[in-house]
Amino acid sequence: MNRTEMIDRIESRNQVWDIVIIGGGATGAGCAIEASALGYRTLLLEKYDFGKGTSSRSTKLIHGGVRYLQQGNVKLVLETLHERGLLLQNAPHIVSKCPFVIPNYKWWEFSLYGAGLTLYDILSGKYSFGHSRILSRKKVIDMIPNIETSGLKSGVLYYDGQFDEARLIINMAETAVKNKAVILNYFEVKELIKSNNKIDTVIALDHETGRQYRIKAKIIINATGVFADRIRQMEDPDANKMISASQGAHIVLNRSFLPGDAALMVPKTEDGRVLFAIPWQGYLVVGTTDTPVNNIEIEPRPFDYEIEFILKHARQYLEKDPCENDILSMFAGLRPLVSIKSESKTKDISREHFIQVSDGGLLTITGGKWTTYRKMAEDTIKQAAKIAGLPYIKSITKDQRIHAYHQDAGKFGRLSLYGADAPELKRLIDSNPLYKDDLHKNLSIQAGEVIWAVRKEMALKVEDFLARRRRTLFQDARSAIEAAPKVASLMAKELNKDSAWEQGQLKEFKKIAENFLPGNGS
C-alpha cells in the first residue's frame, strides 16, 4: 500500500474510472473491496486518514445487536449475526469471540434475559459464537471478580465478538489494493462536476503535495458517514439534510477494574442504552452514551456529563469504583443516523442503512453499523453498477479473506495484531537494533512498527500511527503524548522530513490528544 505508487496509477490512467468512492472509513473501504473484487476500476479518496472519524471510535464490538431483539427487529438481528460470523471467518486475526455476563439483581431478570439470549443463539445458527446459559451467583463472581455483590442473584452468559476496528480498516484497504483498487488518504474531494446534468468528475486535492487532480468516473459514491450531507451539498447547496448525529462516549481504565476475560453488559441504563465494560488489548473500555449533537466535527470530545454518566453506572456494578483520575483515555464517536426516509429517490435497503441517489447520480450510502459493512457494500455496489451501466457480477466477498488473515495470530505474541504480516514485520525489526527499542515504558510497541506503518500502511502523520496503526491514543493518552517525539523522529527520517515537520507534528498531535484527556472541560 504505497502512496507514491497509488498516485502514479492516477496520473497514468487516461481512462474513466468505473467507481470513485469518497470516504475511507468502514463503509468506504468495504465498498472498495466489493467493487474491486468484482473487477470494477475502483478509486477511493479519503480527506483525512483511513478510519479517522466514526469508524475508529466504536465500542470495539462485532455483535448481532441484542437490543434489536427487544425492538422485535428479528430480520436485522439475523443479518447482523450472519455478517458477524463472516467477519470471524474472514479476519480471525482481528476478530475474536468474547464472553459477556449480564448480572441479575432481581429474581425475574434471569428468565427475561435468558429467554432473549436463547433466541439470539438460535438466530446465530451455524455462525454461533457459543451457547448462552444461566450463571449462579458464585459463577458470576468468578467470571467478574470486581462485580458489585450486594443484591446479586445470578447472571446470564452469552457470546459476541470484539475487534480492533482501526487495524481492520487498514487490512481492508490492503485487501482492496490486492484487488487492484487505488486507495489514497489525505486526498480531499473539493468539487463535483456535471456533464449533461450528471456528475461524472471530481476535483480532488492531494494535501501532501498541494496538487489538484481532475478525475472522471462512471459513478461517484458518497461514503462519508456523518459528513455525507457536506458532499451532497457540493452537488446541491439546497439539498435536504439527511444526517442527524448521535455521540457515543467511552472511557478507558486499567484492567484492575475488571480482571478476567469476560466482559460486563448492563442491559438498560438511565438513557435506555446498553452499557458495556469490555477487556480490550490489556485495557478496559467502558461505554457508551447516546447524545444528540448539532455540530459535526472530525475530532468530537466527550462531554463532561457523559463521562460522569459512564462513571456513575460503572460504580453501580463494580465494587472497585472508578473516578475521573483513573481514566487513561476517553473518546467519542459520532453515529450517522438517517433523519429522512421518504425522498422519491431514496432506496430503503434495510432499517439500518440507506442508499440515496440524487438527480445528478451521486450515490450516498449512510447509516448502518460496523458489523454489517460488507452487506452495506454489497448493496451499494450492486446499485452503483446498475446506475453506471456496469456489467452485473454476483458478489463474491462473503468468502474473501481480509489481508493478514491468520487462524492462530496469537502465536506471534506482541505482534499478533499484524496477523500473517507478523513474520515479515519481525524480520524488519530484527534488521536494525534501533528498531527493537520500545517506544515507551508503558507501551508494548517497538520502533520498527513505526517504520512498517510508514512503508507498508501509508502512515503519514504521528497521529496515524499512535491513534490507528496502533491504538495508544485510545488506550493511554498520556503515554501516547510522551511517546510522540520518538515516533515523530522515526517518521521524519523515513519520510525524509525536516525538524520543522517534526515540531509541527508534535504540536498537532498534542492538540488532538488533549481531547482524549479528562479534566479539560467541555
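For the stretch 269-284, the criterion of a residue being touching a Leu at 6+ places or on another chain (Cβ under 7 Å) and under 28 Å from R230 (Cβ atoms) is satisfied by no position. Applying a threshold of 8 Å to beta carbon distances and a minimum spacing of six or more residues, or different chains, the list of pairs starting in the stretch 482-499 at a residue that is farther than 9 Å from L439 by Cβ and outside the structural domain of K461 (by TED's automatic domain parsing) and ending at one that is surrounded by 18 or more Cβ atoms within 10 Å (Cβ to Cβ) and at pLDDT below 95 is empty. Residue under question is R211, and the condition is that it be within 22 Å of the chain's Cα centre (by Cα) and of a type in the set (D, E, K, R); does it hold? In short, no. Only one of the listed residues (A420, A453) is in contact with a helix residue (DSSP H, G or I) (Cβ under 8 Å, 6 or more places away or on another chain), under 24 Å from V182 (Cα atoms) and buried (at least 22 other Cβ atoms within 10 Å of the Cβ). That residue is A453.
Give the residues of the stretch 1-50 that are within 29 Å of D164 (Cβ to Cβ), modelled with pLDDT of 95 or more and part of a loop (DSSP other than H, G, I, E, B), sorted by residue number. Across the stretch 1-50, the qualifying residues are G23, G24, G25, L38, Y40, E46, K47, Y48, D49, F50.
The stretch 216-301 holds strands (runs of 3 or more DSSP E) entirely within its bounds, and those carrying 1 or more residues that are modelled with pLDDT of 95 or more map to 243-254, 263-266, 275-280, 283-287. Within the stretch 358-396, if we keep just the residues that are in a strand (DSSP E or B) and touching a helix residue (DSSP H, G or I) at 6+ places or on another chain (Cβ under 7 Å), the residue that is surrounded by the most Cβ atoms within 10 Å (Cβ to Cβ) turns out to be I365.
The values are calculated or read from the model by the stated rules, or taken from the named source; none is laboratory data. Note that this is a predicted model, so its numbers are computed, not measured. Positions of Cβ are backbone-derived with ideal geometry, glycine not excepted, and every protein chain shown enters the neighbour counts.
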